[in-house]
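Data block below; observations after.
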Amino acid sequence: MNPKVRPGVVAVLAAGVAAASLEAGPGASAARTSSATSGWSPVGPTSTSSAADPSPAFSPPSPDERKRAISSAGSALLTDATALHTSSDDAFQLERSVAGSQGLQYLTYRRTHRGLPVYGGDVVVATDKSGQVVQTVTTGQRATLKIDPKSSVTASEAATTARAKLSVVESVGEPTLLVHAIGERPRLAWEVVVTGATDKGPSVLHVYVDARDGSAFDSWDEVKAGTGNSNYNGPVTISTINTGSSYSMTDPIRPGLRCGGQNGTAYTKTSDAWGNGSGTDLETACVDAMFAAQKEWDMLRDWLGRNGFNGSGGAFPARVGLNDVNAYWNGSYTNFGHNQANNKQATAIDVVAHEYGHVVFKYSGSSQESNNREEAALNESTGDIFGALTEHYANEPAPYDTPDYLVGEGVNLIGTGPIRNMYNPSALGDPNCYGPGIGTMDPHVGAGPQNHWFYLLAEGSNPGGGKPASPTCNSTTVTGIGIQKAGRIFQAGLNMKTIPWTYAKARLATVRAARSLFPESCAEVNATKAAWAAVSVPAQAGEPICTVAPQ
């Protein structure tokens, strides 16, 4: 896939590559080597942001704080029943509780109706350190449910309909009867997960089949794709484990994180020195992938106060050696291929962080997903934002992958440089400004406005210090608050995610997040609003008005 062609596939969240032979630059020397040790202990790097901000290292809530949060959230579900479209046949079950910085907790509730799961009915409640409710957010559900749970279509019939949606089918999961509550008309439906491939790559497709008339009316894909170049990071230290007579490329302190080939098994060897620095060596590719993933994990902990990729102390494996010009997250693991010239693996810091950024997106707020194009664009942008955050946290010196706001920089995929530009998306043909057409664009293109917003919030429109200026859509000047604060606001907003996630919801959530995270200051709230206005996302009903004088 060519990044400028922008293939119109909803589930693909980053462009593939098509390029002439890519020469190794000064940051990709074949002589570079990497090593690993099981005795690794992380050291937080120096931030390159334009504003100082103490690192809010992850601190789990105490049992009493968690108990108070659950009690308050349960009361909020009853108090806000009308706004949440709750019927007497609905019930809520706590699915996940994620801790954030400043003592905030985010509790996600899964809704059932007459015993059936409700797709689109999730509710997220945020509480502060004292356990008081800060925000209650409903999902895409627009109406109170009154659904007869009797199906006219059998599970077998639904599975047959769903499997026809993929050209190559490897397996079809057991259909689940549920209520599909997104849209104007709630429906009784079968959800069928079909694993296989489209003509553009692998797919784990969730298909919704109407349980009355048998039509397949909705779907979304777990596979989130991206591309990039393997930019080696010089001699690095990664965390591995010793299993007696051998070592394994398995992280001992980040549960679930490991790296190996396409069979899913972690690489092992008798020594704890890994890779030879070659762009075609898969062991070296795993060194790069582990280094980037571990740095992203540490950034989430030290800067954003988040416990792991899934928010609950968990990670997911990485695979290298994909025989494709691509990289993707498929809902279970990340997978990395190679560039078009086949002389580098797609395991650069921002590429790896991008794919694990899709994990953070899925496990923030509601874990449900939809086929909404704005949601897909915001998911794609989330990967780019976490790529930039991880590059800044790693703070690699020249000639390696220095911090910036370009995606896939130095790859020169089609002779024009990076895939995306966050401070001026239009430089690569993507929109700087939000508009009604965003919902019809390919997600790679539609990511532009949120990428632009994040740069403006972090760095401002004229940051100086050698950082590029960023044009605004309303000709205003925006003052940045620093990448750490911007990242915290972005993550806290993401923790309130419900489907379908839209630019309007993202603005409202991040403005509210800024108010909750920085209650003694107006600067962060006003900067968040100004950055959204500067990319043409208008003010939303319910936005807090800051009345506290800046400290």
In segment 164-182, residue nearest to Arg110 (Cα to Cα) [restricted to those that are of a type outside the set (Ser, Thr, Tyr), under 28 Å from the mean Cα position of the chain (by Cα) and outside any strand (DSSP E or B)]: Ala181
Residue count, segment 96-122 (criterion: assigned to a strand (DSSP E or B) and closer than 15 Å to Ser71 by Cα): 7
Any chance Thr284 is touching a residue at least 12 places away in the same chain (Cβ under 8 Å) and either buried (at least 24 other Cβ atoms within 10 Å of the Cβ) or under 22 Å from Ala341 (Cβ atoms) (or both): yes
Test: residue in segment 102-123 that is surrounded by fewer than 20 Cβ atoms within 10 Å (Cβ to Cβ), at pLDDT 95 or above and among the polar types (S, T, N, Q): yes
Single residue of Ala513, Ala506, Ala523 found to be over 23 Å from Ser97 (Cα atoms) and of a type in the set (A, V, I, L, M): Ala523
Residue in segment 157-174 that is of a type in the set (A, V, I, L, M, F, W, C), more than 20 Å from Leu77 (Cα to Cα), open to solvent by less than 60 Å² (accessible area, probe 1.4 Å) and touching a Leu at 6+ places or on another chain (Cβ under 7 Å) present: yes
Conditions (1) modelled with pLDDT under 95; (2) surrounded by 15 or more Cβ atoms within 10 Å (Cβ to Cβ); (3) within 26 Å of Asn372 (Cβ to Cβ): number failed by Ala83: (2)
Considering residues of segment 183-193 that are within 20 Å of Gly115 (Cβ to Cβ) and part of a strand (DSSP E or B) only, the residue most open to solvent (accessible area, probe 1.4 Å): Arg187
Pairs where the first residue, in segment 147-172, is of a type in the set (Val, Ile, Thr) and the second is open to solvent by less than 50 Å² (accessible area, probe 1.4 Å) and assigned to a helix (DSSP H, G or I), C-beta under 9 Å, 6+ apart: Val153/Thr161; Val172/Ala159; Val172/Ala162
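The values are calculated or read from the model by the stated rules, or taken from the named source; none is laboratory data. Keep in mind it's a predicted model, so treat the numbers as computed, not measured. Ideal geometry is used to build each Cβ from the backbone, glycine not excepted, and the neighbour counts take in all protein chains shown. Only protein heavy atoms, including side chains, enter the accessible area calculation; ligands, DNA and RNA are left aside. Shrake-Rupley method; radii C 1.70, N 1.55, O 1.52, S 1.80 Å.
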